[in-house]
Amino acid sequence: MEYGVQLANLDFSQLRDRAQAAEAQGYTVVTVPDHIVMEGPEKSFDPKNLSYDPMIMVAVIAEATKRARVGHLVLCNLFRHPVITAQSLASLDQLSGGRLVAGLGTGWTEREFRMTGLPYPDITTRIRMLDEALTCMRSLWSKDETTFAGEFYRLDGCILFPKTVQQPAPPILLGGGGKGLLRVAAKHADVVNIIADAGTPGYIKLENVAKLTDDAFTSKVRFLRDEAARHGRDGAKIRISNMVFTTILTDSPAATRATAEGMAPMFNTTPEGMLRSPMALIGTPDECVAELRRRARDWDVSQVIFGGGIDPRTQQRLADEVLKHL
């Protein structure tokens, strides 16, 4: 199992310190998001949230660390032309000495497109655009020239040098939860970070978060594996990643139960459902160890990323009291 953190809303000094601390604590992946505005559930947001350029953020992390994989969870495909994305990611792979994870997605926060005037096609179109973009990028990273005539992108003898250190491409991580994204992931991805569907509504609906149950997660994994077989790929080789947005370490089973009971109504679930939600990890250190083992066994998860603005104390406690016992 691989454990990582997603860092956000930090200035560059804090980002550097937290990345170095994460590596020293044993986390092997450090990621950042790609947003102009960081929205929470039901379109909640803080207009003063720090939103630095994600390419520069990963460059800072790459320079601050020596062993951890670095990357984005995930880049919004629509924010950049795939040639520019491929160039930036190849640069980061070079800078990090071949430690980049190329994380991409369709983009989902409708507010960001509405306020900037960037085109915001329907989710089906965004899925097709991501598919084409990945095809272009994989070619640019490995071939001397790329010519591509697609529905959305056209390249004519396009050259990109230097190539990525990792050949023929860095590990490709796709993030999302809808069937369209999973179909693209079955074709392109090495790692899939499964989350509640936000691409169709354009924001995080608590109703959709509630639908990402224990059973729903495993169903999405089965769908992904079956789709991979249709593309002639061994679906078992696609790694499953779990993003934990809420991590709460409690001091007793009674406190665990009380926390789950308090949070369950917000997510329209039971306390038991809350404790098994892919979006959360709640419990004493021993309970968290058992739950992470269960996810590895039952969901075939081989990567867990702790995000949601994880604080330094929780990051340290997780490393010392949970992860070291797995």
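The values are calculated or read from the model by the stated rules, or taken from the named source; none is laboratory data. Not measured: the values here are computed from a predicted model. Here the Cβ is made from the backbone with ideal geometry for all residues, glycine too, and neighbour counts use every protein chain on show.
If you scan region 172-183, which residues turn out to be of a type outside the set (D, E, K, R) and either modelled with pLDDT of 95 or more or assigned to a helix (DSSP H, G or I) (or both)? Write out each step before concluding.
We begin by selecting, within region 172-183, every residue of a type outside the set (D, E, K, R); these are 172-178, 180-182.
Of everything in region 172-183, those that are of a type outside the set (D, E, K, R) and either modelled with pLDDT of 95 or more or assigned to a helix (DSSP H, G or I) (or both) turn out to be Ile172, Leu173, Leu174, Gly175, Gly180, Leu181, Leu182.
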Quick check: is even one residue across region 186-198 buried (at least 20 other Cβ atoms within 10 Å of the Cβ), of a type in the set (Gly, Ala, Ser), closer than 20 Å to Leu73 by Cβ and in contact with a Phe, Trp or Tyr (Cβ under 7 Å, 6 or more places away or on another chain)?
-> yes
Give the number of residues within region 295-321 that are more than 13 Å from the chain's Cα centre (by Cα), closer than 20 Å to Ile240 by Cα and not charged (D, E, K, R).
-> 4
If you go through region 265-283 one residue at a time, do you hit one that is farther than 17 Å from Ala216 by Cα and among the charged types (D, E, K, R)?
-> no
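Among the residues of region 226-268, what is the count of those that are outside any helix (DSSP H, G or I), small (Gly, Ala, Ser) and buried (at least 18 other Cβ atoms within 10 Å of the Cβ)?
Of region 226-268, the ones outside any helix (DSSP H, G or I) are 231-234, 238-252, 268.
Imposing the further condition that a residue be small (Gly, Ala, Ser) reduces the set to 232, 241, 252.
Subset that is buried (at least 18 other Cβ atoms within 10 Å of the Cβ): 241.
Residues in region 226-268 being outside any helix (DSSP H, G or I), small (Gly, Ala, Ser) and buried (at least 18 other Cβ atoms within 10 Å of the Cβ): 1 in total.
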Among Asp131, Asp93, the single one that is touching a strand residue (DSSP E or B) at 6+ places or on another chain (Cβ under 6 Å), under 26 Å from Gly157 (Cα atoms), surrounded by 17 or more Cβ atoms within 10 Å (Cβ to Cβ) and not aliphatic (A, V, I, L, M) is Asp93
Note on region 208-247: residues more than 23 Å from Val5 (Cβ to Cβ) and in contact with a Leu (Cβ under 7 Å, 6 or more places away or on another chain) are Lys220, Phe223, Leu224, Glu227, Gly235
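Can you name the strands (runs of 3 or more DSSP E) wholly within region 74-171 that have at least 1 residues being under 26 Å from Arg239 (Cα atoms) and either without any contact (Cβ under 8 Å) to a residue 40 or more places away in the chain or β-branched (Val, Ile, Thr) (or both)? Don't jump to the end; show me each part of the working.
Values: elements: 100-105, 146-149, 154-158.
In region 74-171, the matching strands (runs of 3 or more DSSP E) lie at 100-105.
Can you tell me which residue among Pro121, Pro168 is surrounded by fewer than 24 Cβ atoms within 10 Å (Cβ to Cβ) and within 30 Å of Pro47 (Cβ to Cβ)?
Values: Pro168 fails: within 30 Å of Pro47 (Cβ to Cβ).
After ruling out the rest, the residue left standing is Pro121.
Considering each residue of region 275-290, count those that are closer than 18 Å to Val209 by Cβ and part of a loop (DSSP other than H, G, I, E, B), and give that number.
If we filter region 275-290 for residues that are closer than 18 Å to Val209 by Cβ, which is where we start, we get 275-282.
Still in the running and part of a loop (DSSP other than H, G, I, E, B): 276-279.
Summing the residues that are closer than 18 Å to Val209 by Cβ and part of a loop (DSSP other than H, G, I, E, B) in region 275-290 gives 4.
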Members of region 291-326 that are in a helix (DSSP H, G or I) and closer than 17 Å to Phe217 by Cβ | Glu291, Leu292, Arg293, Arg294, Arg295, Ala296, Arg297, Asp298
Which condition does Ala260 not pass, out of (1) within 14 Å of Cys288 (Cβ to Cβ); (2) within 20 Å of the chain's Cα centre (by Cα), if it passes all the others?
-> (2)
